[in-house]
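One structure is given below, encoded as structure tokens.
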Amino acid sequence: MFTVYGPGVTDPIRLEKLLERHAIAKAGAVTAKQPIKQEKGQPQSLSAYQSAHVKQRYQAVETADERDLTLNASQLMTSPVKFVYAHTTALEVLKILDAGGFHHIPVMSSENQLVGMVSDRDVIRCMCGSDTICLHCSKDKQAVLVSDLMKDHVLTATVETDARYIARLFVEKRIGAIPVMENGGLVGIITRSDILRAVMLHFDLNIWT
């Protein structure tokens, strides 16, 4: 499950809606399993019981194997998360981003609720030029706040979100980073670098298909 967070906004989005084509392709790839043949001379009732038992065991093993191959957000995310408050100045945020060596940072309200996301590009775009006035918001550059620059509708994942869907969203929606939430609180963040690192560490292609 993914959720959009913003000022006064908490809007859950079903995974199927975000990746409808993926869900259809996955459903179409499922094939029927071959029935287990009944041995001659075996009672019908016993054969039916054994067949059902074997199928259950096979499905249990198959499910366990699939679960072992699955990576979720909690295994990829960076935690604890560095964040800034909406009233932080843009210049201060740029210093924090530069010192931390990252490109995106979540924005929190004074009540510690996720309300946005800001990137170094957002800040640099505002700070560019020699004039003291921001060309985008017409404010003195010294007075520009994160709340003036941030994207205020942020797509988030949960700790249990499948890493494959996050990776696909990064490609299809051109997302640079996605916060990870648990019980309404910010617990992590996943970036493109985290996805690439996971691919290198877990190179089994079955994990990413």
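The values are calculated or read from the model by the stated rules, or taken from the named source; none is laboratory data. Not measured: the values here are computed from a predicted model. Neighbour counts are summed over all protein chains in view; Cβ atoms, including those assigned to glycine, are modelled from backbone coordinates with ideal geometry.
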Answer yes if at least one residue in segment 146-155 is under 21 Å from ILE178 (Cβ atoms), at pLDDT below 95, assigned to a strand (DSSP E or B) and among the hydrophobic types (A, V, I, L, M, F, W, C), and no otherwise. yes
For segment 165-173, state whether one or more residues are modelled with pLDDT of 90 or more, more than 10 Å from the chain's Cα centre (by Cα) and within 24 Å of GLY8 (Cβ to Cβ). no
In segment 89-136, anything within 22 Å of VAL180 (Cα to Cα) and part of a loop (DSSP other than H, G, I, E, B) is listed as GLY101, PHE102, HIS103, SER109, SER110, GLU111, ASN112, GLN113
So is ASP152 in contact with a Gly (Cβ under 8 Å, 6 or more places away or on another chain) and surrounded by fewer than 19 Cβ atoms within 10 Å (Cβ to Cβ) or not? yes
In segment 168-189, residue surrounded by the fewest Cβ atoms within 10 Å (Cβ to Cβ) [restricted to those that are in a helix (DSSP H, G or I) and touching a Leu at 6+ places or on another chain (Cβ under 9 Å)]: GLU172
When you check GLU39 against the structure, is it surrounded by 11 or more Cβ atoms within 10 Å (Cβ to Cβ) and either more than 19 Å from TYR5 (Cα to Cα) or modelled with pLDDT of 95 or more (or both), yes or no? no
If you take the residues in segment 85-107 that are buried (at least 19 other Cβ atoms within 10 Å of the Cβ) and under 20 Å from the mean Cα position of the chain (by Cα), which one is nearest to THR158 (Cα to Cα)? PRO106
